[in-house]
Amino acid sequence: MSGFSDEQKKIALLLLSEPKTEEELNKQLNIPYDKLGIELKQMLKLGLVLKDGYPTKYRLRQDIIDELNKRKKISEEDSFKIKVRAIIELKAIEKTLLERHVNKVIEAIKKETNFTVYGIDSAEIIEEDNMYSTFIETTLTVKDFSTLILFLFYYGPTSIEVIKPNKLDISQAEFQDGLVQLSGIFQKYANVMMKNLNKEELNKFYKKIYE
């Protein structure tokens, strides 16, 4: 529920089961009426909730209810402990190329056996300075620390938010696996650089590092 504030999340969770009046929400959430009114108005403005009937009751949009129930079902079957929300930015000089690339990235993420995808979507493609750009937003869990490192390297998110856990207990073996993955990635990167840079360029690169 990335579109909700903390108070709105509480409201949404109550409305998930059934519509409620403002009085019912106030009693169950203990949010002051003035604050509750502001949050409800904002949710109405964003189109997250609807209101109808007398006395007036607020209800979540049906597609939001369906999405939350879907994520709840996924969560019940999900054994992975690290959950993140990530933004992956993509650019291309041709719109059709970018569209194909976006679809390939989304399909690749969905097929990853060590990911559990809760939601994934792409933004509208925009044109700026003769380039086309968009981004993919995804919420997913990963099997372990080393899988998270692979996700960061292969999909290159420009923004990542850890949703859970608040504290990560990691075994020595899992930490070691992650470091091995990271070391392997750096080695591959170094090999590519060695093949594509001439001696003078390499000397300049090393000089910048060690000075």
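Here, each number is a calculation from the coordinates, and none is a lab measurement. No experiment lies behind these values; they were computed from the predicted model shown. Glycine also receives a Cβ, built like all others from the backbone with ideal geometry; neighbour counts cover every protein chain displayed.
Under a 10 Å cutoff between Cα atoms, tell me which one of LYS111, LYS81, LYS45 has the largest fluctuation in the Gaussian network model of the chain.
Residue with maximal mean-square fluctuation among LYS111, LYS81, LYS45: LYS45.
Rounding to the nearest 10 and keeping the result within 0 to 90°, find how far the Cα-based axis of helix 172-196 lies from the longest principal axis of the chain.
That helix lies at roughly 50 degrees to the long axis.
Between segment 1-77 and segment 124-191, what is the separation of their alpha carbon centroids in Å?
The distance from the Cα centre of segment 1-77 to that of segment 124-191 comes to 32 Å.
Straight-line reach from LYS57: which lysines fall under 18 Å, measuring Cα to Cα and dropping same-chain residues less than 8 apart?
LYS9, LYS10, LYS20, LYS27, LYS35, LYS41, LYS45
So, with +1 on the Cβ of K and R and -1 on the Cβ of D and E, and no other charges, what is the size of the charge dipole of the chain about its Cα centre, to the nearest 20 debye?
Details: 33 positive and 34 negative charges, 63 e Å.
Dipole magnitude for the chain comes out near 300 debye.
Highest GNM mean-square fluctuation, the chain, Cα pairs closer than 10 Å: which of ASP52, ASP66, ASP144?
Ranking ASP52, ASP66, ASP144 by mean-square fluctuation puts ASP52 first.
What is the projected area of the convex hull of the Cα atoms of segment 90-135, averaged over all directions, in nm²?
On the way: hull surface 12.6 nm².
Here the figure is 3.1 nm², rounded to one decimal.
Looking only at LYS188, LYS104, LYS73, which one moves most when the chain is put into a Gaussian network model with springs between Cα atoms under 10 Å?
LYS188
Between [x] 140; [y] 213; [z] 123, which entry matches volume of the Cα convex hull per residue in Å³ as derived from the coordinates of this structure?
Of the listed options [x] 140; [y] 213; [z] 123, [y] comes from this structure.
As an exercise, identify the GluC sites (Glu not before Pro) in segment 62-123 lying in DSSP coil whose Cβ has no more than 14 other Cβ atoms within 10 Å.
Values: sites: GLU67, GLU76, GLU77, GLU89, GLU94, GLU99, GLU107, GLU112; in loops: GLU94, GLU112.
Of the GluC sites (Glu not before Pro), the ones in loops of segment 62-123 whose Cβ has at most 14 other Cβ atoms within 10 Å are GLU94.
Neighbouring Cβ atoms within 10 Å as the yardstick, rank PHE145, PHE80 fewest first.
Numbers: PHE145 20, PHE80 14.
Final ranking by Cβ density, sparse to dense: PHE80, PHE145.
Which ³J(HN,Hα) values, rounded to whole Hz and listed in residue order, are derived for segment 40-57 from phi using the Karplus coefficients 6.51, -1.76 and 1.60 in 6.51 cos²θ - 1.76 cosθ + 1.60 with θ = phi - 60°, glycine and proline given as x?
5, 4, 5, 5, 5, 4, 7, x, 7, 10, 10, 9, 6, x, 9, x, 4, 10
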